[in-house]
Amino acid sequence: HATKKKMADHLRKYEALFTLTPQRMRMIVEAFKESLETGLAKNEQIVPMIPTYVFGWPSGNETGDYLAVDLGGTNLRVCLVTLQGGGKFEITQSKYRLSEEQKQEDGQKLFDFCAECLKAFIDSYIDDGTIKAGTRLPLGFTFSYPCAQKSIDHGQLIRWTKGFGAPNTEGHDVVEMFRRSLEKQNVPAEIVALTCDTTGTLIASHYVNPKTRIACIFGTGCNAAYMERVGDIPKIKHLGIPDDEEMAINCEWGAFDSFEHENLPRTKYDQIIDETSNKPGEQAFEKLISGRYLGEILRLIICELIDEGVLFLGQNTYKIEIPYSFDTAFLSLMESDPTDELLMIIGIFSHFFALETTLAERQFFRALAKLVGRRAARLSACGIAAIVSKKGYLEEGCMVGADGSLYNKYPGFAERIHEGLHDIFGEKGRNVVTYHAEDGSGIGSAIVAAMTKQRK
Ligand code: ADP
């Protein structure tokens, strides 16, 4: 085709759109730092910087048996955790699938179901002698939805996210609701702490690896938590907690740059995603980074090239034109295809989208995936760098516990974060190292429960 631009020419255009220079990254880090400070100073800022009422790091010597319940987006997870001290633990767990109906029916019923599952779980361990009959175990409750907390064992649900819509729950204290369900069914468990998965990840990772200072989640969404000096959290000054105590902060950093859109390099594909999302303007940082969106960014580029007549002329493209049909896991697969012919990519396009591809097109798609994935990792590095820089961790270095499918499964994601940190900080950037975090909603939640018991 005479007018058809070579794929390589097209690629150059996207390279220019998706590449972040070190200088640009440093500007983002500065703005990010400011946003973190503002969130600590006042309520209802763009980055919420939520106080968690988890005070200080675990000693590593927390011991005892704890229950942990995690009401996740797809599953209810119930765990029995034995903390053995010395950073060691044992864990057993059961998962219960949540139906779409359960997510929408009355909130108290949802907690009744949680209590029912927990009761069945405890009973099975009483039967086999693991738990002594008559004991009432302390329970850590992981509830990763935005809550207003005034203490560690209280949390008023601000609004449901992740597809939940159970009525009579928003505005209510979820600990109180869960406690009511436990009492109704005589479940021998005492809720002592309410946490979110990111805070749990921070605490669990530090328990095992005391050099950990920050935890990040890169899954469907993205978030981070770290430990802050109470004196540096002006918005909770009125509580009269001594300045030198420390409290974990749940950043909810996915909201960075929301509404104002002044700091992040958004392409027109990012804008389309934002405008067609159910929450336009919100979670601006998350929309460039998390697993929910990366596949969609690539899909929008492909659709643009279909419209321009560059790709798939004469083929039926309706399948790839369905929003969110291109999973981020496909990007992982495309990047890791080991064959010269890119057979994996042939498979993805033919099997899932009924499309035939040429080798040049497949190479182009792989290069696009790399651009989108690399940008996400480098922006993640900016967020980490903002916390590192704010806290002055660069000189001595620190570890960053990271979790979520994007971090764990996307090839090279961690390496790209590290490369980004090096671009931002120079050689010293190598002092900041991410690693696969410990399980926050099981172990982390149990440790927080143990810390709370000790403090009382
Ligand atoms: P969640 O954050 O919902 O608890 P995950 O950490 O598993 O769960 O993240 C799910 C997200 O990760 C989804 O958006 C999905 O598209 C993406 N994902 C799943 N598998 C992979 C993979 N192999 N590579 C990259 N992303 C993936």
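A few notes on this one:
- Restricting region 286-324 to residues that are surrounded by fewer than 15 Cβ atoms within 10 Å (Cβ to Cβ) and within 16 Å of the ligand (Cβ to nearest atom), the residue that is farthest from Ala255 (Cα to Cα): Ile322
- Residue in region 430-450 that is away from the ligand (no atom under 14 Å from the Cβ), at pLDDT 95 or above, in contact with a Pro (Cβ under 6 Å, 6 or more places away or on another chain) and under 30 Å from His154 (Cα atoms) present: yes
- Region 269-307, residues that are of a type in the set (Val, Ile, Thr) and in contact with a Phe, Trp or Tyr (Cβ under 8 Å, 6 or more places away or on another chain): Ile273, Ile289, Ile297, Ile301, Ile302, Ile306
- Verdict on Tyr407 being among the aromatic types (Phe, Trp, Tyr), away from the ligand (no atom under 13 Å from the Cβ) and either closer than 20 Å to Thr201 by Cβ or not assigned by TED's automatic domain parsing to the domain that holds Gly420 (or both): no
- Positions within region 295-322 being closer than 17 Å to Val372 by Cα and either touching a residue at least 40 places away in the same chain (Cβ under 8 Å) or hydroxyl-bearing (Ser, Thr, Tyr) (or both), in sequence order: Ile297, Leu298, Ile301, Ile302, Leu305
- When region 270-285 is limited to residues that are among the hydrophobic types (A, V, I, L, M, F, W, C) and within 16 Å of the ligand (Cβ to nearest atom), the one that is nearest to Gly254 (Cα to Cα) turns out to be Phe285.
- Residue match in region 235-247 (condition: assigned by TED's automatic domain parsing to the domain that holds Leu379, part of a strand (DSSP E or B) and away from the ligand (no atom under 16 Å from the Cβ)): yes
- Residue that is surrounded by the fewest Cβ atoms within 10 Å (Cβ to Cβ), among those in region 37-89 that are assigned to a loop (DSSP other than H, G, I, E, B) and without any contact (Cβ under 8 Å) to a residue 60 or more places away in the chain: Glu44
- Considering residues of region 334-343 that are outside any loop (DSSP other than H, G, I, E, B) and surrounded by fewer than 17 Cβ atoms within 10 Å (Cβ to Cβ) only, the residue farthest from the ligand (Cβ to nearest atom): Leu343
- For the criterion of being more than 13 Å from the ligand (Cβ to nearest atom), in contact with a strand residue (DSSP E or B) (Cβ under 7 Å, 6 or more places away or on another chain) and assigned by TED's automatic domain parsing to the domain that holds Ser336, Ser389 fails.
- The sole residue among Lys119, Lys162 that is of a type in the set (D, E, K, R) and under 30 Å from Ile236 (Cα atoms) is Lys162.
- Count of residues meeting criterion [more than 25 Å from Lys287 (Cβ to Cβ) and among the aliphatic types (A, V, I, L, M)] in region 316-344: 3
- For region 282-314, a tally of residues being outside any helix (DSSP H, G or I) and over 14 Å from the mean Cα position of the chain (by Cα) returns 8.
- Residue match in region 97-108 (condition: away from the ligand (no atom under 16 Å from the Cβ), at pLDDT 95 or above and assigned to a loop (DSSP other than H, G, I, E, B)): yes
- Some residue of region 185-197 being assigned to a loop (DSSP other than H, G, I, E, B) and among the hydroxyl-bearing types (Ser, Thr, Tyr): no
- Leu359, sole failed condition from (1) more than 15 Å from the ligand (Cβ to nearest atom); (2) surrounded by fewer than 22 Cβ atoms within 10 Å (Cβ to Cβ); (3) under 28 Å from the mean Cα position of the chain (by Cα): (3)
- The number of residues in region 199-233 that are away from the ligand (no atom under 15 Å from the Cβ), surrounded by fewer than 24 Cβ atoms within 10 Å (Cβ to Cβ) and among the β-branched types (Val, Ile, Thr) comes to 3.
- Qualifying residue in region 209-216 (condition: modelled with pLDDT of 95 or more, within 14 Å of Cys251 (Cβ to Cβ) and basic (Lys, Arg)): yes
The values are calculated or read from the model by the stated rules, or taken from the named source; none is laboratory data. Here the structure is a predicted model, which means the values were calculated and not measured. With ideal geometry, Cβ positions are generated from the backbone for all residues, glycine too; neighbour counts draw on all protein chains shown.
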